[in-house]
Amino acid sequence: MSNIRKYVIVVFIFTIVSSSTLFNLAYSKPILGKKGMVVSASDLATKVGIEILKKGGNAIDAAVGVGFALAVTFPAAGNIGGGGFLVFVRNDGFATTIDYREKAPASAHRNMYLDSSLSPIPSMSTEGVTSAGVPGSVAGLLLALEKYGTMSLQEVIQPAIELAERGFKLNYELSQSLNFNYKNFEKFPSTKKIFTNNEKKFSDGDIFLQNDLAETLKRIRDYGTDGFYRGKTADLIVDQMKGEGGFITHGDLSNYKAIERLPIRGNYRGYDVISMGPPSSGGIALVEALNILENIKFSKEDFHSSKHLHYLIEALKCVYFDRAEYLGDSDFVTVPVERLISKQYAKKIFDSIDLNSASKNKSINAKVFESKESFETTHYSVYDSYGNAVSVTTTINGSFGSHVVVDGAGFLLNNEMDDFSLKPGFPNMYDLIGSEANSIQPNKRMLSSMTPTVILKDNKPVLIIGSPGGPMIITSVLQAVMNIIDFGMDVEQAINMPRIHHQWLPEEIYHEPFALSSDVKMKLETMGHKFQHRNSMGRLEGILIDRKNNIIYGATDCRGSGLAEGF
Ligand code: DON
């Protein structure tokens, strides 16, 4: 079968599949806008952002409004009890990032999650207050607004307060995920009170009220960061810790600072890539992978051919090996950023790839776990009528984070401490291995995979993109970028196409349904690659800007139920 026929068939099958239960939205064209666009995982949050843009706010104003709204309408991942990264590219080409990743409490130490025989204590880093890092979201959103926004905090946070106070109708996805997590929520009385429905199941259409959260948001509105990191909210967080053996103190909260950092910059086939640096691995991994893959030319017909996938997999092996070996919080360890994102280094890796066979993984003393399926983080992309771009990924790590709501404050705490390497070679909940670079130290930020990214052409934003998915974030963003630049897809196609994922360890390559035709799979297996099926990986939210025709295209991933809206 010719490659072009294969391509047509893949697209055709995908069009049919996308209307089935696997992908709950039919394949469609991207949403069009002339002035601005917001794409997020929650329709209500997207609308908050659009209203802010329509009032003349810029992309930062809208992003901060969307961030607070997501904390109300998408509690599985949107948050004020977690952290995130924001990438901002201004219309004049200036680019910066805000790091509001959670950090380890001051009392943290490298063996804090190990028992006396140095084995990780089950669930201590993944559930309950012991798993929480010091939250960064409020500090980060407020820093972004103060430095680069144009509207007041009162204006941008008010819609979130109203959504919490007046309530909103649960959609099908949220009602199901609350019901699905009942057993996790009932373990913690403060969580059970809010996220369960008096022993009954939630249904879509139920009104969901969050009064305690509304009061916390009002304290933030009235006192800024002090409304969260000091005073009543801080007292409630610390009380929660004391009752249940947690580590976060008043000092940890009042000392938390969001940090403005230089972005990671790369170039791929004439496009500039602006993404997040340490403590995220996302930007470095994305640029390293693109640099390796730039050494081979792809045509449209190569999409998901054995050539495309073999090189992609081999590049990913090296990228994730480097991630495990070298990456951590660069305020604590030396990360060889320049080397990892250099074209020369990528060329060496490319030259070492055998065209005909899969390379053997370097052996490592690692115990590999079967990872769980249900994870949550969330990404949103914003573009405004002034030409500014904002790309934000935010998380409480696992779905509904630590599962602990701060009693009286109404928000969930993260379980981000699990993103540290608890012990060299021991995989975290995403099967990621780490080394000394990502070991626990007091006040250190845990390594992330979040990859909020903006791609520029001639110094102007053309693509704003990112995803949840733990380690699959990097591969989801990478494939969407390649789908657009190498394979000429529109942003909706690029986001919805089936994906593969490989992260060096475990050795298997994950693939979504219809990502591989049987002959491509067979060929790759003869070359030594091993595959495993996964239902769904990543959930991209993207904006593509066609500068020539002055059209903004927005697309939300059919794997979720978000909303792209333009105006
Ligand atoms: O920062 C990270 O890389 C992880 N905590 C992200 C977790 C995640 O994406 C889960 N979502 N699907």
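Of all residues in segment 534-560, exactly one satisfies the criterion of being hydroxyl-bearing (Ser, Thr, Tyr), more than 13 Å from the ligand (Cβ to nearest atom) and within 19 Å of the chain's Cα centre (by Cα), namely Thr556.
Only one of Glu173, Glu146 is at pLDDT 95 or above, surrounded by fewer than 22 Cβ atoms within 10 Å (Cβ to Cβ) and part of a helix (DSSP H, G or I); which? Can you show your working first?
Working: Glu173 fails: at pLDDT 95 or above.
Checking each option against the conditions leaves just Glu146.
Tell me whether segment 276-286 contains one or more residues that are under 22 Å from His403 (Cβ atoms) and among the hydrophobic types (A, V, I, L, M, F, W, C). No, segment 276-286 contains no residue that is under 22 Å from His403 (Cβ atoms) and among the hydrophobic types (A, V, I, L, M, F, W, C).
Taken over segment 253-276, the criterion of being small (Gly, Ala, Ser) and in contact with a Lys or Arg (Cβ under 6 Å, 6 or more places away or on another chain) is satisfied by Ser254 alone. Here Gly282 fulfils each of the conditions (1) surrounded by 24 or more Cβ atoms within 10 Å (Cβ to Cβ); (2) away from the ligand (no atom under 16 Å from the Cβ); (3) of a type outside the set (S, T, N, Q) apart from (2).
Can we say Lys183 is closer than 25 Å to Val406 by Cα, outside any helix (DSSP H, G or I) and among the charged types (D, E, K, R)?
Numbers: closer than 25 Å to Val406 by Cα: yes; outside any helix (DSSP H, G or I): no; among the charged types (D, E, K, R): yes.
Considered against the rule, which asks whether it is closer than 25 Å to Val406 by Cα, outside any helix (DSSP H, G or I) and among the charged types (D, E, K, R), Lys183 comes out as no.
Identification of helices (runs of 4 or more DSSP H) wholly contained in segment 1-92 with 2 or more residues that are over 21 Å from the mean Cα position of the chain (by Cα), modelled with pLDDT under 95 and among the polar types (S, T, N, Q) yields 3-17.
Checking each residue of segment 339-353 against the condition of being within 21 Å of the chain's Cα centre (by Cα) and among the aromatic types (Phe, Trp, Tyr) gives no match.
When you look at Ile396, is it under 22 Å from Ala62 (Cα atoms), of a type in the set (Val, Ile, Thr) and within 13 Å of the ligand (Cβ to nearest atom), yes or no? Against the criterion (under 22 Å from Ala62 (Cα atoms), of a type in the set (Val, Ile, Thr) and within 13 Å of the ligand (Cβ to nearest atom)), Ile396 qualifies. When Val382 is tested against (1) more than 16 Å from the ligand (Cβ to nearest atom); (2) modelled with pLDDT under 95; (3) of a type in the set (A, V, I, L, M, F, W, C), just one condition goes unmet, and that condition is (2). Under the condition of being of a type in the set (Phe, Trp, Tyr) and surrounded by fewer than 18 Cβ atoms within 10 Å (Cβ to Cβ), the residues counted in segment 76-111 number 1.
The values are calculated or read from the model by the stated rules, or taken from the named source; none is laboratory data. In this text, all values refer to a predicted model and were calculated from it rather than measured experimentally. Neighbour counts are summed over all protein chains in view; Cβ atoms, including those assigned to glycine, are modelled from backbone coordinates with ideal geometry.
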